[in-house]
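Okay, so here's the structure we're looking at.
Throughout, read-outs are computed from the coordinates displayed, never taken from laboratory work. Since the model is a prediction, treat every value here as computed from it, not as a measurement. Note that we place each Cβ from the backbone using ideal geometry, even for glycine, and neighbour counts take in every protein chain shown.
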Ligand SMILES: Cc1ncc(COP(=O)(O)O)c(C=O)c1O
């Protein structure tokens, strides 16, 4: 089977350095918020072109804590995308925020022109959580224009976009960014983890306190925080094993994306591709099949030995949990709905061989749309 992610192959590659990371952590005698987390935070910030990083327990927590740092509280309207991991919206809901969903463009990215138009009409919206989805970078010029035009607090969800750039500039260089180290991510840990990135020392200090019971010094609790600390073991793995490989892994994903983009020619299957200006990290490779044939396409891939995924089969406001909370549609979100109805993710990971990538192309091109 050609897998969506192949962690056994990864383990074969990283075994020695991973065992070394465990050894270093064990011998340090320090398991929570020690030297490995501190060093990783510095190295991550440097690699993303930011001044500060704060390691936390998950990407969900990273978004929630960053919003809290910026003062988001119950009843605040938060502009965001309907097409993302549920965690993006969940972070808003956990603070009592009210998500306002704006449609995406044909690349599945939140439509920044629609956001701008809405913000002119809705001065009450002061929070914005855009997502750099699929590993593409949002249009940095449009994002900056929004930042400059409106008094907004922005948390960029970079869970899928670590290492992606827009015309040379890393994704997520606004006020605050949040990322995830969930194992399938381009920079994945061997467990859960996440980080908050910012250039501003006061935001960094507040985030660092909030992930650790609101402590600003030992036994001094200035804020109502939580326990959301990145473990030393995960930090050691991330900095000693994964981060040094990130560029090479992204390069490999780009090679596979090129194979798919140039090879897939089946008129029934539209490659979503990268928006102009995005130097994507190709976290995912989404294609869109006719909605009424999506299941048949996934079954066909499976029977041909190819695993596939869905990112995401429904827009967030359609999830059952949303029936219990307040939210708003800024528009009909028709583009996001149509992508969700037909989207299928093809395998793309750094351990996929060229032969396997070519096999995926061959199988996709041979699909005739039959049930
Ligand atoms: C776009 C996006 N945002 C947020 C998250 C949440 O990250 P985590 O699973 O680490 O909580 C994820 C990952 O699942 C994601 O893909």
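Listed values, structure above:
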quantity	calculated
Prolate/oblate/rounded call for the chain, Cα gyration tensor, a/c under 1.5 rounded	oblate
Chain lengthening between residue 199 and residue 213 when straightened (0.36 nm per residue, less Cα-Cα)	2.8 nm
Cut-off 19 Å (backbone N to label point 7 Å along Cα→Cβ of residue 9), residues of segment 291-305	301-305
Sorted by Cβ density within 10 Å, fewest first, the residues 230, 352	352, 230
Compactness index (Cα Rg / 2.2 N^0.38 Å), segment 1-123	1.44
Cα pair distances of segment 57-113 binned at 5 Å [whole percent]	5, 21, 27, 22, 17, 7, 1
Spread of Cα-to-Cα distances over 5 Å intervals beginning at zero, given as percent, for segment 92-141	4, 17, 28, 23, 18, 8, 1
Rounded Å value of the spacing that divides the Cα centres of segment 271-289 and segment 338-371	13
Expected 222 nm ellipticity per residue - DSSP helices of 4 or more, -39500 (n - 2.57), all of the chain, to 500	-12000 deg cm²/dmol
Relative contact order computed over segment 168-312 (Cα-Cα under 8 Å; 6+ residues apart), in percent	15
Gaussian network model of the chain, Cα within-10 Å springs - most flexible of 32, 63, 306	32
Equivalent-ellipsoid semi-axes of segment 102-177, from the Cα gyration tensor, Å, largest first	20, 13, 11
Residue 314/residue 121 FRET efficiency (R0 35 Å; Cβ-Cβ; nearest 0.05)	0.80
Sequence-separation-based contact order of segment 40-139, relative, with Cα cut under 8 Å and 6+ spacing, percent	26
The chain, relative contact order in percent, only Cα pairs under 8 angstrom and at least six apart counted	24
Whole-angstrom gap from segment 164-207 to segment 21-43, using each part's C-alpha centre	19
Residues 131, 325 arranged by fewest to most Cβ contacts within 10 Å	325, 131
Added length on full extension, which subtracts the Cα-Cα distance from 0.36 nm per residue, residue 291 to residue 149	47.3 nm
The chain - share of DSSP beta bridges that are antiparallel (%, nearest 5)	60
Two-site FRET efficiency, residue 73 against residue 32, from Cβ-Cβ distance with R₀ of 25 Å, rounded to 0.05	0.30
Sorted by Cβ neighbour density within 10 Å, fewest at the top, the residues 241, 360, 24	24, 241, 360
Reciprocal of mean inverse Cα separation for segment 245-365 (Kirkwood radius, Å)	15.7
Distance between modelled label sites at residue 223 and residue 22, nm, 7 Å Cα→Cβ extension	3.5
